[in-house]
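Here the structure comes first, spelled out in structure tokens, and everything after it is commentary.
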Amino acid sequence: MTRKLFGTDGVRGRANTHPMTAEMALRLGAAAGRYFRRDGSPGHRVVIGKDTRLSGYMLENALTAGLTSTGMNVLLLGPVPTPAVGFLTRSMRADLGVMISASHNPSEDNGIKFFGPDGFKLSDEAEIEIEGIVAGDIQLAQASNIGRAKRIEDGRGRYQEFVKTTFPAGLRLDGLKVVIDCANGAAYRAAPEVLWELGATVVPVGVNPNGTNINDRCGSTYTQTAAEAVVAHGADVGICLDGDADRVMILDEKGQVADGDQIMAMLASRWAEDGKLKGGALVATVMSNLGLERHLSARGLRLERTAVGDRYVVEKMRAGGFNLGGEQSGHIVMTDYATTGDGLIAGLQFLAEMARTGKRASELVRQFETVPQMLKNVRFSAGAQPLEKESVKAVIGASEERIKGKGRILIRKSGTEPLIRVMAECEDEGMLRAVVEEIVGAVEAAI
């Protein structure tokens, strides 16, 4: 059985449109509750967090109804980062964690992500089983066993206190002016407070959520706003989170951006020098730049690649005993600290290196020279299968032959949006542009 509801990061879509309806959220909640209460015993609990989207209220209530109908006791955290849900699921001894968020997507979208009792995202196999329960008749609890719901007022505070413990003892951020862009999302209170408590002078951006402005011209996918603030305020560094704060981009004092690859390169090198990098390797996806692989190789380290999606990075890390991984998009996973990508903890690790070395951000953000890379997205309608068309396959095949030995091509469907992503790398920038444009043109013609 293949997954139909779940993508690479939970269930996601346009709010009030299948599958992001209150009805489906109720069934998903009931199915997840039944999956985690198969022994029928009482006392099971689930924690639910959300970002700042307007539709979060609707989905939170529907999920709560579904979960309590199968006997789960629900603990409502309110707006907290995705990594906080992973942390609190384990900390509060819950059987299940749920995050309501569409991450970096526009405010009109929303999503539902599940975490197991260990704080890690569910496996493909578990999601398939839950889908099977959704499609069938869900067994509800007896009237006397219906679950309760309770709001937890200090969930964000518990997470903030934990985050501060990941910052090296003996270091402070006194004297550093930090722009923190919270994307009007889940970390709009947590991130500025943590930075201030560690001694930084904080310039907050994207901290006025209204339900519809999450990721709107701010955050890790739109760094221009934070870059302008860095320059205008004479800040030492900028930290840009996405809507649920599991991604990060770093800006130097000139407003120049360091993506996930550059941040991972810095962390891998530092951890290797300190003897902290387990397995002598960094885990990243097929999207990470070839320059990162060369950088690691020159230091006697390996790059272990996975399919796109931070969950697959985490699975490989756990299977291989690695403790550092992530994605070019800014998911930085440090399993010594967290069960999923944590933009705030990753940002603190960068700030710790600035404080430890006394170096400017511009001296740390450029760890390696990137191989020219181009990524273009093509949006398609529901039901369209442009990559199955012979005309598209022929153009892709010819392009791969043309670039062979000089670079690589990666074409895939997004797991979170109706997009075909066309990516290529090549030292010859003219050839790079040509092959990407040819493939994009073929895909557009096939839609």
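The values are calculated or read from the model by the stated rules, or taken from the named source; none is laboratory data. Treat the numbers as computed from the prediction; the structure is a model and nothing was measured. When we count neighbours, we look across all protein chains shown, and the Cβ atoms used for this are built from the backbone with ideal geometry, even at glycine. Surface areas here come from the heavy atoms of the whole protein model, side chains and all, with no ligands, DNA or RNA. Shrake-Rupley method; radii C 1.70, N 1.55, O 1.52, S 1.80 Å.
For segment 342-351, state whether one or more residues are open to solvent by less than 10 Å² (accessible area, probe 1.4 Å), under 22 Å from residue 163 (Cα atoms), touching a helix residue (DSSP H, G or I) at 6+ places or on another chain (Cβ under 8 Å) and of a type in the set (Asp, Glu). Yes, that holds for at least one residue.
How many residues does segment 277-306 hold that are open to solvent by less than 30 Å² (accessible area, probe 1.4 Å) and in a helix (DSSP H, G or I)? Before the answer, list the steps.
Of all residues in segment 277-306, those open to solvent by less than 30 Å² (accessible area, probe 1.4 Å) come to 277, 280-285, 287-289, 291-292, 295-296, 301, 303, 306.
From what is left, the residues that are in a helix (DSSP H, G or I) are 280, 291-292, 295-296.
The number of residues fulfilling the criteria is 5.
For residue 442, the requirement of being aliphatic (A, V, I, L, M) and surrounded by fewer than 19 Cβ atoms within 10 Å (Cβ to Cβ) is not met.
In summary, residue 148 fulfils each of the numbered conditions (1) farther than 26 Å from residue 10 by Cβ; (2) open to solvent by 20 Å² or more (accessible area, probe 1.4 Å); (3) at pLDDT 95 or above with the single exception of condition (1). Checked across segment 386-407, the condition of being in a strand (DSSP E or B) and open to solvent by less than 10 Å² (accessible area, probe 1.4 Å) holds for no residue.
Mind checking which residues of segment 88-130 are buried (at least 19 other Cβ atoms within 10 Å of the Cβ) and more than 20 Å from the chain's Cα centre (by Cα)? So that I can check it myself, show each step before the final result.
Step one: list which residues in segment 88-130 are buried (at least 19 other Cβ atoms within 10 Å of the Cβ), which gives 88-89, 94-105, 107, 109-116, 119-122, 127, 130.
Passing the criteria: 94, 95, 130.
A search for C-beta distances below 7 Å between a residue of segment 162-183 that is free of Cβ contacts under 8 Å to residues at least 40 places away in the same chain and any residue that is open to solvent by 10 Å² or more (accessible area, probe 1.4 Å), counting only pairs 6+ apart in sequence or on different chains, returns 164/197; 164/198; 174/199.
Quick one: which helices (runs of 4 or more DSSP H) sit completely within segment 176-273 and have at least 3 residues that are within 23 Å of residue 106 (Cα to Cα) and not hydroxyl-bearing (Ser, Thr, Tyr)? Lay out the reasoning, then the answer.
Values: elements: 190-197, 224-233, 260-273.
By residue number, 190-197, 224-233.
Of all residues in segment 77-87, exactly one satisfies the criterion of being open to solvent by 20 Å² or more (accessible area, probe 1.4 Å) and touching a strand residue (DSSP E or B) at 6+ places or on another chain (Cβ under 8 Å), namely 79.
Regarding residue 309, is this residue buried (at least 24 other Cβ atoms within 10 Å of the Cβ) and within 25 Å of residue 426 (Cα to Cα)? Judged against the criteria, residue 309 is not a match.
Suppose we keep only residues that are in contact with a strand residue (DSSP E or B) (Cβ under 8 Å, 6 or more places away or on another chain) and more than 19 Å from residue 185 (Cα to Cα) within segment 48-69. Which one would you say is surrounded by the most Cβ atoms within 10 Å (Cβ to Cβ)?
Going residue by residue through segment 48-69, those that are in contact with a strand residue (DSSP E or B) (Cβ under 8 Å, 6 or more places away or on another chain) are 48-53, 55-56, 59-60, 63-64, 67-68.
Add one more test, that the residue is more than 19 Å from residue 185 (Cα to Cα), and what stays is 63-64, 67-68.
Details: 63: 28, 64: 21, 67: 30, 68: 21.
Going through the qualifying residues, I end up with 67.
Conditions (1) modelled with pLDDT of 95 or more; (2) outside any loop (DSSP other than H, G, I, E, B); (3) open to solvent by 50 Å² or more (accessible area, probe 1.4 Å); (4) not acidic (Asp, Glu), marked per residue:
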residue: 319; (1), (2), (3), (4): yes, yes, yes, yes
residue: 325; (1), (2), (3), (4): yes, yes, no, yes
residue: 336; (1), (2), (3), (4): yes, no, yes, no
residue: 339; (1), (2), (3), (4): yes, no, no, yes
